[in-house]
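Down below is the structure, laid out as structure tokens.
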Amino acid sequence: MAQQLVRLLGVDDFRSELSRKLDLLERQIDSELQKTAEIERCNNDLERFRESVNKRERLEHVCESICPGTVRKLTPRRDVPTYPKYTLSQETIEALKTPTFDVWQWAPNEMLSCIEFMFHDLGLVQEFNINAITLKRWLVCSSDLRPDPDPNPDSGPEPNPDSDPDPDLLCVQENYRDVPFHNFRHCFSVTQMMHGMVHLCNLKAKLSMTEVVILITSAICHDLDHPGYNNTYQINAHTEMAVRYDNVSPLENHHCAVTFQILADPDFNIFSNIRPELFMQIQEGITELILATDMARHEEIMSAFTCCVDKFDYENIEHLRLLKQVLIKCCDISNEVRPTDVSEPWVDCLLQEYFMQSDREKFEGLPVMSFMDRDVVTKPNVQIGFLQMVLIPMFEAVAKLFPELGEVMVQRLREARARYENLLQPEEIDEERSF
Ligand code: BYE
Ligand code: ZN
């Protein structure tokens, strides 16, 4: 009886052991089945993704063959340069301080890293307590850098596409258009020249940090959202911009407006950590400098500066204002100060933009300026006139204050003039120079 009981118990043990093992096996099979289903789902997703990429490529191929140049490449437009990837070499850092710097060899991300570097290098980040991420975001908008979206989407009104600025378009780079001359590379070139001037003329010892930040920020923002058609076109064609600004420096007023639209968003305001009074002073300074880049005011600004340069007084705010205005003007049109292989393509880009304008003016029956007319202009002809009448006198005036610029810059401009004179065709030699 007892033996039977033991045996019985043994069988029960065996049974429960067996059922436990079965249970375990069932669970394992279940989990394996789940994994297979997961793999199946992944495979399906992959297949769908492959199809959509193929479809997009086929579509782009068709678009490209119908209308070449219109298809945006698949490379992520707003990928963010991170410091380790874009650490500037010591050689680049030194070259950035000189007018011989080659502005053509850099991709957009590298230009952005250079501009960011200048802000740090000039001590502006420290002086104005600029948030390093805000500085990056201000320069290039990126989803990685954008603050997290509101976790509670019901908390505010729906964004209105007509009045709210597109968050992707709040940064500096996105607001330079893809036009032949007035594009982001021009912004970079002008900013780099300003950085070079600050170093060459030792401006940090002569001006306040507020003046330095005004100079650099103005250089960065001075042509924001330039459409590639100048003020004369805006005024003659009665564009919205010209009407809005009553024909007074329409483009330059617009560049200022876009500058302060960007800074109006706290996430993009590099000056959010300074006192409101200082912000107002910087805003006023930037506006003055951007408005001074209108070449229609060249004579007015130059004659005022020439008057004060012989008795220049760094304590006189009027003198300082004129100096800053002339400095940004110099940087803005300084391409000919650069080595020939850097400066020459800029003339082609500018003429391309001018020819685009004159073609449009002819088509729309508007007056055409002769220096923009592809039937009239030759490169040496316009550049000799421009060097002789605009660039050389302006740089000579600035070199009175900063003799160190005489050698580096005025000399280069004279060489450029001689180079263009050698390029003149015999029949052009006695012609009126028509800048
Ligand atoms: C100027 C005004 C607006 C935009 F055709 C650009 F002869 C310029 F007028 N810049 N910037 C640099 C220039 C240069 N204009 C000219 N040469 C330059 O090197 C002269 C023009 C080709 C033309 Cl001034
Ligand atoms: Zn410009």
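When Tyr245, Tyr420 are compared by accessible area at a 1.4 angstrom probe, the order from most to least is Tyr245, Tyr420. Computed packing ranks the peptides 332-342, 297-307, 263-273 as 332-342, 263-273, 297-307, most packed first, by mean other Cβ atoms within 10 Å. Protection proxy ranking, highest mean first, for peptides 399-409, 355-365: 399-409, 355-365, where packing is the per-residue count of other beta-carbon atoms within 10 Å, averaged. Across Tyr86, Tyr314, the residue with the most accessible area heads the list, and the full order at a 1.4 Å probe is Tyr314, Tyr86. Across segment 207-301, the convex hull enclosing all Cα atoms gives 110 Å³ per residue.
Working ranking of peptides 371-378, 182-189 by packing, defined as the average number of other Cβ atoms within 10 Å per residue, highest first, is 182-189, 371-378.
In whole percents, the pair-distance distribution calculated for segment 235-359 from its alpha-carbon pairs, binned every 10 Å from zero, is 11, 28, 36, 22, 3.
Taking a ≥ b ≥ c as the square roots of the Cα gyration tensor eigenvalues, with a/c under 1.5 meaning rounded and otherwise prolate when a/b beats b/c, else oblate, which class fits segment 327-435?
prolate
Among the protein heavy atoms of segment 168-323, carbon and sulfur supply 51% of the accessible surface, probe 1.4 Å, non-protein parts ignored.
The values are calculated or read from the model by the stated rules, or taken from the named source; none is laboratory data. Please read all numbers here as calculations on a predicted model, not as lab measurements. Virtual Cβ from ideal backbone geometry, glycine too; neighbours counted across all protein chains shown. Heads up: the accessible areas ignore ligands, DNA and RNA and are worked out on the full protein's heavy atoms, side chains in. Shrake-Rupley method; radii C 1.70, N 1.55, O 1.52, S 1.80 Å.
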